Amino acid sequence: MQARLGALVGALTRSLAAASPAPRGLPGYGLEHASGTARELLGRLSAHGIFRKYELVLDLGSDLGATGRWLATRLGCTVVATADDAGAAREGRGLTRRAGLTAQVFHVPASPTALPVRDARFTHVWAVESLPRLPDTALADAFRALRPGGHLALQDLVGTSADVPVVPGWRFTTRAARIADIEAVGFVEVAADDVTHASVERSAPVLAARQQLLHRLRAAGDSALSREADVRDALSAALADGRLGVVQLVARRP
């Protein structure tokens, strides 16, 4: 499904870019991002850890690679973005190629529980709203891939009450439980920041693009794409009514 979503995103972004340039750091207008939370939050997340051109970031569960393109554009580092399957990685490469970032962002189809990377290879591991879609063992393999002293940076959608939304393919936990998960695999200096108050996207071009994508998802005549539209609507509704919050967590591998 991610491959078909990527094809739709690519077609729509080409159409939009013909009328006006995409926002800086968002060559895909943020359309790859299911929840629609503000991309400005990534600036907050990147404040933790040093980013230079020689830094190597693992973008875990990135699928179409939006976060990797943001990191490369805004911070100049090199990124390996993992996707659940080869089709998603292929479409992600297409979006990266159109953004002119193929020398910095590399797309790899990989199981998050068996990453095809050497131990202690990366200076940073990022996971932006991907953990609720990944197996419980993903954090342990992220720990293995990160070099000693390296930083883990997560942006997570967390349940805020007993009425946690049920969204197919997503498993939400609480802030406290996520912190415990991070500490359990060996990370230290775990810090959490509730950024729900800053999570609403306010860019008119991005909001308009998301509405166009939802329309195309439902009009495609594809049940998987229609379900993706339902998931996006469910996430937006849960964020709007407070059943989900947004938290950023950072930690270090000792």
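Readers should treat all values here as calculations from the given coordinates under stated rules, not as data from a laboratory. A quick note: this is a predicted structure, and the numbers were derived from the prediction, not measured. Virtual Cβ from ideal backbone geometry, glycine too; neighbours counted across all protein chains shown.
For Gln212 and Arg121, the difference between the fully extended length at 0.36 nm per residue and the C-alpha to C-alpha distance is 28.8 nm. Computed from the C-beta positions of Asp222 and Glu183, the FRET efficiency with R₀ = 41 Å rounds to 0.50. If a/c stays under 1.5 just call it rounded; otherwise compare a/b with b/c (prolate if a/b is bigger, oblate if not). Do that for the range 28-130, with a ≥ b ≥ c from the square roots of the Cα gyration tensor eigenvalues. Verdict is rounded for the range 28-130. Estimated at 0.36 nm per residue, the fully extended path between Arg24 and Asp193 surpasses their Cα-Cα distance by 58.3 nm. Spin-label model, Ala240 to Ala86: label points 7 Å out along the Cα-to-beta-carbon direction sit 4.0 nm apart. Modelled this way, with points 7 Å down the Cα-to-C-beta line, the labels at Leu56 and Arg202 are 3.9 nm from one another.
Based on C-alpha pairs under 8 angstrom that are at least 6 apart in sequence, the range 68-144 has a relative contact order of 29 percent.
Distance from the C-alpha centroid of the range 96-144 to that of the range 195-235: 24 Å, rounded to the whole angstrom.
Short version: ³J(HN,Hα) in whole Hz for each residue of the range 238-244, in order, from phi by Karplus 6.51 cos²θ - 1.76 cosθ + 1.60 (θ = phi - 60°), x for Gly and Pro, what are they? Values, residue by residue: 5, 5, 5, 9, x, 6, 10 Hz. Of the options [x] 6, 18, 16, 14, 13, 11, 8, 6, 4, 2, 1, 0; [y] 7, 30, 39, 21, 3, 0; [z] 7, 33, 40, 18, 2, only one is P(r) over Cα pairs in 10 Å bins from 0, in percent as computed from these coordinates, and that is [z]. When shorter helices are ignored and each DSSP H run of at least 4 residues is given -39500 (n - 2.57), the per-residue value for the chain at 222 nm works out to -12000 deg cm²/dmol. As a ratio to 2.2 N^0.38 Å, the alpha-carbon radius of gyration for the range 119-163 is 1.31.
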